[in-house]
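Student: I have a structure here, written as structure tokens, and I will follow up with some questions on it.
What follows draws every value from the coordinates through simple rules; no lab data is involved. Model, not experiment: these values are computed from the prediction. No Cβ is skipped: glycine too gets one built from the backbone with ideal geometry, and neighbour counts run over all protein chains shown.
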Amino acid sequence: GGIKFVLGGGAGDDFRVDTSTLVVQSDTSRVGIGTTAPDASLHISDAATAAILRFENRDTAIADGEQVGTIQWETQDSNSAGVCSKLVVEAEGVAGLTGMAFYTGSSGTVAERMRIDSTGKVGIGTASPDSLLEVSKDAANIVYITCYDDTETSTGALHFRKAEGTESSHASPL
């Protein structure tokens, strides 16, 4: 028993805790948790259960609109370095409600493109969807939506409206 710390214990291992609890390889710039042979920048392996990556915000008074956590993708491209995409978890109101916002764009200039709110509503082009799926675009653009059901008995329809609170029209399947 006991935890063993090994510095430089194997080929490329600069730091190791136990056999495979934590492995840091400076020659490959990889970190392994639960594996002796990480094959990605961060490789998490769990033999007993599904591997889980958890981000915890320990703030006990998160306010509406406050970011709970963020994952960012950044490029160092010589033409356009910076954050090019990100996923943001944001508080919605009180009682631990959160939504997820997806940002894309060019490096250094990203904008929110899609959101899933705390009730499961999805908004594309809007940060506050008011229906199960809301696709918004400015008046100069056309939005194409494909709706299908893989059963022959589908009686679904698409409903359209010009703006929030206006009358809707619908298109039924052929």
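Student: Pick out, from region 11-128, the strands (runs of 3 or more DSSP E) lying fully within it that include 1 or more residues that are β-branched (Val, Ile, Thr) and surrounded by 15 or more Cβ atoms within 10 Å (Cβ to Cβ).
Tutor: Of the strands (runs of 3 or more DSSP E) lying wholly inside region 11-128, those with at least 1 residues that are β-branched (Val, Ile, Thr) and surrounded by 15 or more Cβ atoms within 10 Å (Cβ to Cβ) span 22-25, 30-33, 67-75, 82-91, 98-106, 109-116, 122-124.
Student: All but one of (1) more than 14 Å from the chain's Cα centre (by Cα); (2) within 30 Å of Asp14 (Cβ to Cβ) hold for Glu66; which doesn't?
Tutor: The one condition Glu66 does not meet is (2).
Student: Need pairs with beta-carbon distance below 7 Å; first residue under 15 Å from Asp46 (Cβ atoms) and within region 16-28, second surrounded by fewer than 16 Cβ atoms within 10 Å (Cβ to Cβ) and basic (Lys, Arg); sequence gap 6+ or separate chains.
Tutor: These pairs meet every condition: Asp18/Lys4.
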